[in-house]
Structure formats: C-alpha cells, structure tokens
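Taking it in order: structure first as structure tokens, then the write-up.
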Amino acid sequence: MATGYLEILRARHAARLLVGTLVGRLPNATAAIAIVVFVRAEGGTYSLAGALAAVYGVANAVGQPVLGRLVDLRGQPRVQLPAAVLSALAMALFAFVGTEPPAVAYGAVAAAGLFTPPLEGGLRALWASVLPKEDHVHRAYAMDAVAQEVMFTVGPLLVTVCASLWSAQAALLVLNAIGVLGALSVVLSPPSRAWRSAPREAHWLGALRSPGLLALLGALLAVGMALGSITVAAMTYADGHGGNHVYGWLMAGIGLGALVGGVAYGARQWAGEPARRLQVIVALLTLCYLPLMLMPGPVPMTLLTVVAGLFLAPAIACAFVLVDRHAPRGTVTEAFSWLVTTFTVGASVGTGLTGPVVEAGGALWGFAVPGAAGGVSLVVLIATSRVMAAPAGRAVVAARSENDPNRALEPRFSSGDRA
C-alpha cells in the first residue's frame, strides 16, 4: 500500500502539486471556524458569527464553478493566483475592520468566499500530465480524498493554535497569507503553466449540459446532506453524553474512518465500470450510517462514527473518475468545481434540515437523516444508471485527453484526467 502511494509522490511535480494545493486551500478549510473565533473575540454574537460564516460558504459555492470555467478558458496561472490574492485581501479587510460596520464585514467575507481559487478542481485536471498510468491517476484521486480529510482535521487546530499564540485576527491573516503561498507554488509549477484545456463548444450551461454529470451531482448532493446532518445529530447526542469533548471525538471518528477507507481504496486497482462501483460504495456508506441510530455510550458511539466514515473517501474518489468521464470537452476544471459546490451545498442543506428534526424528535431521528439521505443518493444512482454508464465518447464528451500532448486517442477517457 505504502509503495503505491510513494510511487505517485516520487513522480516529478506530484508532491509539489499535492502539497501546494492543500496549503492553498487552507484558508477555505479553516474559514468557518476562523470567522467564528474572530467574531467572538471581537465581542460579536454567535448569530452574527454564524451568519458571516454562512455568507462565506454561499459565496464560495457560487464562485467555484464560475472561476473553474475561467480556468478552462484562460489557464490556471491567470485565474488561480489573482483569485487567491483577492480572497486573501478581502479576508484581511475583514480582519482589520472587524464586525463594524456590518455591511463592510458581510461584503468582505462574501468577496473572500467568492474569489477562493478552484485549486481542488485544478489539481485533478493536472494529474494526467504528471502521472502516466491510468491506475496511478485513480490512486491519486484516492490520495487526494484522504489528504482532504487530513487538512480538514488539522486546519481547525491551526486556527486555535494561532489564536492562542497571537490573536484571532492574526489567525485570519496568517492562514490566508499561507494560502496565497500555496497557490503560488502550484501556478508556478511547469504542469500548471503548461496546462491548457481542450477547445470547448460555446454553451451557457458549460459543464452542466452533460446528463451524466448532472446525475452524479444529484447523487453527491444527497451524500453531502448525509454528512452535514451528522454534525448536528452528533452535537445533540454529545449534549447528553459529555458535551464538547465527546462531540470532538465523534467528528474525529468520521474523519479517521474516511482516512482509513480512502487509503485502503487507493491501495488497489479496481476493475469494472466506476458507475456500478459507486452504487456499491454508496450502498455500503448508507448501511454504515444506520447503526448510529443505536446511540450507545460515548466509546462505542465513537467506534460507530469511524465505521460510518469508512466509505466516504472512496465514494468521493470514485466520483472523481466519473466527473472526468462525463465532463464536456474543455470543461474539466469547471466540472470538478461543480462537484465541490454541490457537496458543500448538500452539507449546508443537511445541517439546516437536521436542526428542526432533532428539536422535534431528538438525536435518534437526527441520526436517521444520514441513512435516509444515503438512500436517496443510491436511488438517484440506480435510476440514472444508463446515463451514468454512457461511454465517454458520446454526445458532449470528447474522446481525447486534454492533457495528452501527442493527442493520442483514448476512447475510454475524456477530458483532463485520463480516468
């Protein structure tokens, strides 16, 4: 297993692109908690902190596909770095102005979210130019999903460390400055500077004109709802079983499970159609959510959250393969950015939906939501199985790899990732 991942990291530019992307996305991974910590340090209310964090999230969801389309049209350096700088400057304005006047605070966090560079989609568009083998690209997708779990675990810790050592304001400034350096490392790399999207058909829908991609996004929206609902249900459970300490362990359990599952998934080669494989993974993910309704004591409950997270990273990694297969020619970065947006929106919807559920029926019904959402995702995948399994060369999807400098035909792979 370790040998397979090391082989990828030894490939020229691979480690730089992965680390640079993770560092560049650090401001986004820490934005919600950094905003809340800063607002509380300024004497603001939890309502104001939550509202500002929500504005950032909505703006980020809007900006990702828009900037992703610009990357496909203009290239990575001309979009990613200016966006990273603008986002950091907007967050710096928020850090210096504070919560008064409110209009400036809301405008600053909205701009910071809107201009967050689509580094995640950009990285997946680059893998084929760095990794020559198809199975290496698939493994890189799994490694990417695992690295995200690590980042979203370590990121909040960095916020609290910076706030403790210096101040909440310093946390905002330092993390966003580090994010710009990460983006700079990526866009100055030879693969990023050389990458060009394939010629695309002019269409206002862009990547969304692909039926297969729309079906996949619908399924991933429900998976995001399941993950978002767990955060609320777990808090309700923790209130009666030890408070914030237990809640931290439950959330860490989800991340640990996803990390283990992602590492195991990427350690082997997978045969067969990825659309069918995603159905199986989502079915297993749904089954692993159901035992959460047992709500045992804190220790066994933590173990159940580890089990609940096992198939999350594999589902995301498999979805990456399908995004590439169904992305219209010339829209690979935009397509991956839509996946990020859809998952983010789904998590927000799940969080908002589960709040009234737990108020009405308690934690038990709250933990029923992720199982139900997983079931919806599975139904969507099964109902659209013919569309999802359509060969890559049909309709809007090209039969060439956008990153193949020799333009060698690869009829099984479409846009930017040979996967």
Estimated dipole of the chain in Debye, rounded to 20 [Cβ of Lys and Arg +1, of Asp and Glu -1, Cα centre]
1220
Might you report the magnitude of the Cβ-based charge dipole of the stretch 96-166 about its Cα centre, with Lys and Arg at +1 and Asp and Glu at -1, to the nearest 20 debye?
100
Of VAL58, ALA226, PRO190, which is farthest on the positive side of the dipole of the chain, counting Cα position, with +1 on Lys and Arg Cβ, -1 on Asp and Glu Cβ, and the Cα centre as origin?
PRO190
Surface accessible to a 1.4 Å probe, per residue, for the residues of the chain, Å²
40
If one builds a Gaussian network model of the chain from Cα atoms under 10 Å apart, the most fluctuating residue listed among ARG325, ARG12, ARG139 is ARG12
If a helix is a whole DSSP H run, which ones in the chain reach 24 Å or further along their own axis (Cα) and hold a mean Kyte-Doolittle hydropathy of at least 0.0?
46-74, 77-97, 134-165, 168-187, 211-239, 244-266, 332-361, 363-383
For the stretch 1-104, what class follows from the C-alpha gyration tensor (a ≥ b ≥ c being the square roots of its eigenvalues): rounded when a/c is under 1.5, otherwise prolate if a/b is larger than b/c, else oblate?
prolate
Among 342-350, 298-306, how do they line up by average Cβ neighbours within 10 Å per residue, starting with the highest?
342-350, 298-306
Between the stretch 82-132 and the stretch 249-263, the Cα center-to-center distance that results, in Å
27
Per-residue counts of other Cβ atoms within 10 Å, averaged by peptide: what ranking do you get for 358-366, 314-322, highest first?
314-322, 358-366
Carbon/sulfur accessible area of the chain, % of total, 1.4 Å probe, equals 70
Find which of GLY371, VAL246, LEU294 sits farthest along the positive direction of the dipole of the chain, computed with +1 on the beta-carbon of Lys and Arg, -1 on that of Asp and Glu, about the Cα centre.
GLY371
So if each residue of separation counts as 0.36 nm, and I subtract the Cα-Cα distance between ALA383 and ARG209, what length gain in nm does that give?
60.8 nm
What are the extents of the Cα atoms of the chain along their three principal axes, listed from largest to smallest and rounded to whole Å?
58, 47, 42
Along the Cα→Cβ direction, 7 angstrom out, place labels at GLU273 and LEU86. What is the inter-label distance in nm?
4.1
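The values are calculated or read from the model by the stated rules, or taken from the named source; none is laboratory data. In this text, all values refer to a predicted model and were calculated from it rather than measured experimentally. Ideal geometry is used to build each Cβ from the backbone, glycine not excepted, and the neighbour counts take in all protein chains shown. To get the accessible areas, we keep the full protein, side chains included, count just its heavy atoms, and leave off ligands, DNA and RNA. Shrake-Rupley method; radii C 1.70, N 1.55, O 1.52, S 1.80 Å.
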